[in-house]
Amino acid sequence: LKFIFGPSAVPALDLVDQRSVTRVRSPSGRTAYQVLGNSGKLYTCYSSCHFCTCPAFGFTVLQKSESLLCKHILAVYLSQALGACQELSVSEEQLVSILLAEEEDEG
């Protein structure tokens, strides 16, 4: 994994080991993932469009194109593959609140 994903591999595996990945699902089937980072901050990841709200994703993936993903997205993919995601069912309104909270943090 380290050969393919570089420096994101080991920290992503640590996040999986700590069970830091939660799949948030609404009744309509919409899903997002929240990853509790080492700093204690929650980052929202969207595996369907390969996006994370963390600063590293914005800088190393989007701006500099130095990496394909951040450790949070890799942790989501690994957790999915290993069946290690925490599960959280929320209402549609709660999911919207989660997504809007991330948007407010960025703005």
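Below is a table of values for the structure above.
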| item | result |
| --- | --- |
| Accessible surface of the chain, 1.4 Å probe, proportion on carbon and sulfur as whole % | 57 percent |
| Probe 1.4 Å, accessible area per residue of the chain, Å² | 59 Å² |
| Charge-dipole axis of the chain as Lys and Arg at +1 and Asp and Glu at -1 on Cβ define it, positive-most pick from Val76, Phe5, Gln94 | Phe5 |
| D_trans [Stokes-Einstein, Kirkwood Rh over alpha-carbon pairs] for region 6-100, 37 °C, 0.692 mPa s, µm² s⁻¹ | 245 µm²/s |
| Sites matching chymotrypsin sites (Phe, Trp or Tyr not before Pro) across region 9-101 that sit in DSSP coil, with at most 16 neighbouring C-beta atoms within 10 Å | none |
| Stretch gain in nm, segment Arg25-Ala81, where the contour uses 0.36 nm per residue and the Cα spacing is subtracted | 18.4 nm |
| Estimated FRET transfer efficiency (Ser65, Asn38; beta-carbon r; R0 30 Å; 0.05) | 0.75 |
| DSSP-loop trypsin sites (Lys or Arg not before Pro) across region 25-107, with at most 12 other Cβ within 10 angstrom | Lys41, Lys64 |
| Those GluC sites (Glu not before Pro) in region 23-107 that DSSP places in a loop and that have at most 15 other beta carbons within 10 Å | Glu66 |
| Electrostatic dipole magnitude of region 11-107 [Cβ: Lys, Arg +1; Asp, Glu -1; Cα centre; debye, to 20] | 320 debye |
| Relative contact order [Cα under 8 Å, 6+ residues apart], the chain, whole percent | 32 percent |
| Proximal lysines relative to Lys2, as straight alpha-carbon distance under 22 Å, when same-chain residues fewer than 8 apart are discounted | Lys64, Lys71 |
| Cα-based shape type of region 16-72, given that a ≥ b ≥ c are square roots of the gyration tensor eigenvalues and the cut on a/c is 1.5 | oblate |
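The values are calculated or read from the model by the stated rules, or taken from the named source; none is laboratory data. All of these numbers come straight from a predicted model, not from anything done at the bench. Glycine also receives a Cβ, built like all others from the backbone with ideal geometry; neighbour counts cover every protein chain displayed. Please note that ligands, DNA and RNA were not included when accessible areas were found on the heavy atoms of the full protein model with its side chains. Shrake-Rupley method; radii C 1.70, N 1.55, O 1.52, S 1.80 Å.
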